[in-house]
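The values are calculated or read from the model by the stated rules, or taken from the named source; none is laboratory data. Remember, predicted model here, so these are calculated numbers, not experimental data. As a convention, Cβ positions derive from the backbone with ideal geometry for all residues, glycine included, and neighbour counts pool all protein chains shown.
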Amino acid sequence: MSDKNPDFSLDHNSDHNVIDKTTIQKIAKLARIEIAPEREDTLCGELSTIISWVEQLGECDTAHVEPLASVTGHSLPMRDDVVTSGDDPDAVLSNAPEEASHFFVVPKVVE
């Protein structure tokens with residue numbers, strides 16, 4: 001990455017990191033990734049730099065900017081909300097990878 005723009009320098013060794021090693025470890029645990037301890041200092045600096053760039057966006061005056069829902073200006077076609085044949089549990093569950101007592105069986109995601 002080029003450091004031509006002085007406002008966007010990559011100073012990873014700064015003493016004013018907003019992300020510390022504890023936060024890096026929490027993020028790694030939540031993301032279920034392994035981060036080598038020797039990479040933690042570098043990541044603290046890199047993520048702190050990214051956060052400071054995002055904070056700079058807050059300095060932009062957007063008071064007169066309309067919210068943007070689509071960059072193309074096209075809208076999606078709408079259809080009527082009509083009840084269909086969802087009242088047949090056997091048909092609904094026929095494509096389920098696993099079912100028990102007319103319920104979908106899903107993997108446990110919260111410990």
| task | Report yes if some residue within the stretch 2-22 is among the β-branched types (Val, Ile, Thr), at pLDDT 90 or above and either within 30 Å of Val109 (Cβ to Cβ) or surrounded by 13 or more Cβ atoms within 10 Å (Cβ to Cβ) (or both); otherwise report no. | result | yes
| If a residue has to be within 13 Å of Ile24 (Cα to Cα) and either exposed (fewer than 10 other Cβ atoms within 10 Å of the Cβ) or in contact (Cβ under 8 Å) with a residue 60 or more places away in the chain (or both) to count, how many in the stretch 36-78 make the cut? | 3
